[in-house]
Amino acid sequence: MLEKLAKQTAIYGISTIVVRFLNYLLTPYYTRIFDQGEYGIVTDIYALIPFALVLLSMGMESSYFRFTTRAEEQGGDVAGNKRKVFATTWGVTSLAATLFFLVILGLNAPISRVMGEAYVAHPEYVPIVAAIVMLDIWAIIPFARLREQGRALRFVMLKALGMMLNLGLAIGFGVAGLYSTKFGVGWVLIANLASSAVTLVALIPTVERTLPRIDRELLRRIFVYSLPLLISGIAGTANEFIDRQMIKYLAPGSEAEAMAELGVYGAIVKIAVVMTLFTQMYRLAAEPFFLSGFKKEEFKEANAAAMKYFVMASVLIFLGIVLFRDLFALIVGSRFREGIDILPVVLGANVLGGIWLNLSFWYKREEKTKYAAYITFLGLGVTLALSFILVPKMGFRGAAWVRLVAEGAMVVWSYILCRKHYPMPYDLRRIGEYIALAVVVYALSELALQQMNHTLWLCCNVVLFGSVVLFAVWREKIDVKGLVRAAIAKFRR
């Protein structure tokens, strides 16, 4: 059963890595041409955009997958019913996005004042961001349709088109010296706006002449399913990105100093993007996979196995970054490396976030999405409570620890609910082995750092990392030679 998931994860994985890597190239570029405060504005804006996307998408991606699966299960005019689901979900999200843009446009001045001095000086930033959000929301359901249809290559090509255009324009604006003008960071937004517009235009032919049209009765049933996802999505995204706002408003010092701290924090979080990419590529494949028509026991077996391998891979990625963090630190400009000590904390939080993703599939499948709201509001509550305590004292370092604790609380509560309502045969012993191994190896590396010079320490880390890889291969009885032979055979075709 996992072969299909592994294949889809590989397709989305390779493509996601390539596409996101293009965007990732902007991090070393921006952190070398902007100062900490200017990059703080970039970090602030790109922490707010995901919140708006979740709010306006209203959980319709998961709803689209679930209701197209229902159409297949019910039979009859499957194609027609799927088109109706697509038209309705696309219609309601497009309408919400358009209204959002018009409201932001009308309230530009007061919104700029609330967002801070940088936006009062540049009120034009706000409507540009709103336009980016609107275009991206218009594209969400068509992209979901490509995933549901298994058209991974088309999905990837369109995503790559947008990213390449964004990268090209961003660097081109820099070469032209536009970032030194009064508009400054605004050119980052213009590059994004142009790429979003071109991507949407290129995406339109894939909808096959289906127009956004809302079926009220269908929408009512969809909202019953999606409303808890919307609530939990808002809380979850707020929990994921509110740490930036906590730094902005609670960090000690002036507003300019807080924006500088935000810039450092945002740059270090970008270094941890490899873990985020892995979770994202897994989600793109796993969500439609686990929400398809599995029998209950088959679902449990597949999800439990997927959890074990996900944790194993996450541990390897975590160690691969933290053991060689000095090399990864070169990704960002020298002014931003003062925060590299929070990298293991941020990575740990990302690992926990992926575990929580795996724990979420059972209630989405069983249409008990109210549990998503319970879990994410717990995480948000922990984030808010601890932020008011730690961020004023520790600045961005406090925000990193808050993020780790909040993700941990969500994982624990998710597991408790899962065990109570939908027991899963998770291999806790094996999962615990990998997590404990990661902690022990990291501790040994830190101890070695105190006793060795830097070169010898890196050599020690190579041995430690290689030992963990060998252990995982032995523990899971992975046929490395077989995998290599299969890859070579496929390449020769």
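Below, the figures for the structure above:
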{"item": "Some residue of the stretch 148-164 being under 19 Å from T43 (Cα atoms), in contact with a Gly (Cβ under 7 Å, 6 or more places away or on another chain) and touching a residue at least 40 places away in the same chain (Cβ under 8 Å)", "result": "no"}
{"item": "Contacts under 7 angstrom Cβ, first residue in the stretch 61-87 being under 13 Å from R221 (Cα atoms), partner assigned to a loop (DSSP other than H, G, I, E, B) and at pLDDT below 85, 6 or more apart", "result": "R66/L291"}
{"item": "Qualifying residue in the stretch 280-298 (condition: in contact (Cβ under 8 Å) with a residue 12 or more places away in the chain, part of a helix (DSSP H, G or I) and under 30 Å from G395 (Cα atoms))", "result": "yes"}
{"item": "Odd one out for L200 among (1) more than 29 Å from F67 (Cβ to Cβ); (2) in contact with a Phe, Trp or Tyr (Cβ under 8 Å, 6 or more places away or on another chain)", "result": "(1)"}
{"item": "Some residue of the stretch 57-70 being of a type in the set (A, V, I, L, M, F, W, C) and not in a helix (DSSP H, G or I)", "result": "yes"}
{"item": "Any hit, the stretch 89-105, residues being at pLDDT below 85, of a type in the set (A, V, I, L, M) and crowded, with 16+ Cβ neighbours inside 10 Å", "result": "no"}
{"item": "Residue under evaluation L464, criteria (1) at pLDDT 90 or above; (2) outside any helix (DSSP H, G or I), criterion not met", "result": "(2)"}
{"item": "Hey, V391 assigned to a helix (DSSP H, G or I) and under 25 Å from I268 (Cβ atoms) or not", "result": "yes"}
{"item": "Given (1) surrounded by fewer than 21 Cβ atoms within 10 Å (Cβ to Cβ); (2) part of a helix (DSSP H, G or I); (3) among the β-branched types (V, I, T); (4) touching a residue at least 40 places away in the same chain (Cβ under 8 Å), number of the condition I222 does not satisfy", "result": "(1)"}
{"item": "Members of the stretch 354-368 found to be touching a Phe, Trp or Tyr at 6+ places or on another chain (Cβ under 7 Å), in a helix (DSSP H, G or I) and not aliphatic (A, V, I, L, M), listed by number", "result": "G354, N358, F361, W362, Y363, R365"}
{"item": "Enumeration of residues in the stretch 444-469 that are surrounded by 14 or more Cβ atoms within 10 Å (Cβ to Cβ) and of a type in the set (S, T, N, Q)", "result": "S445, N461"}
{"item": "Restricting the stretch 173-190 to residues that are in a loop (DSSP other than H, G, I, E, B) and either within 13 Å of Y30 (Cβ to Cβ) or aliphatic (A, V, I, L, M) (or both), the residue that is modelled with the lowest pLDDT", "result": "G184"}
{"item": "Of all residues in the stretch 306-337 being among the small types (G, A, S) and part of a helix (DSSP H, G or I), the one that is nearest to P425 (Cα to Cα)", "result": "A306"}
{"item": "Residue list for the stretch 29-82, restricted to those being closer than 18 Å to V332 by Cα, surrounded by 21 or more Cβ atoms within 10 Å (Cβ to Cβ) and not aromatic (F, W, Y)", "result": "T31, Q36, G40, I41, V42, T43, D44"}
{"item": "Residue check, A302 of a type outside the set (D, E, K, R), in a helix (DSSP H, G or I), within 19 Å of R419 (Cα to Cα) and more than 20 Å from the chain's Cα centre (by Cα)", "result": "yes"}
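Matching residues to (1) over 30 Å from L99 (Cα atoms); (2) touching a strand residue (DSSP E or B) at 6+ places or on another chain (Cβ under 8 Å); (3) part of a helix (DSSP H, G or I); (4) modelled with pLDDT of 60 or more:
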{"position": "T16", "(1), (2), (3), (4)": "yes, no, yes, no"}
{"position": "F21", "(1), (2), (3), (4)": "yes, no, yes, yes"}
{"position": "Y29", "(1), (2), (3), (4)": "yes, no, yes, yes"}
{"position": "R32", "(1), (2), (3), (4)": "yes, no, yes, yes"}
{"position": "Y46", "(1), (2), (3), (4)": "no, no, yes, yes"}
{"position": "P50", "(1), (2), (3), (4)": "no, no, yes, yes"}
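A quick yes/no check of all residues on (1) at pLDDT below 90; (2) surrounded by fewer than 22 Cβ atoms within 10 Å (Cβ to Cβ):
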{"residue": "D326", "(1), (2)": "yes, yes"}
{"residue": "I340", "(1), (2)": "no, yes"}
{"residue": "L343", "(1), (2)": "no, yes"}
{"residue": "N358", "(1), (2)": "yes, no"}
{"residue": "K370", "(1), (2)": "yes, yes"}
{"residue": "I375", "(1), (2)": "yes, no"}
{"residue": "T383", "(1), (2)": "no, no"}
{"residue": "F388", "(1), (2)": "no, yes"}
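The values are calculated or read from the model by the stated rules, or taken from the named source; none is laboratory data. Fair warning: this is a prediction, and the values are worked out from it, not measured in the lab. So basically every Cβ, Gly included, is an ideal-geometry build from the backbone, and we count neighbours across all protein chains shown.
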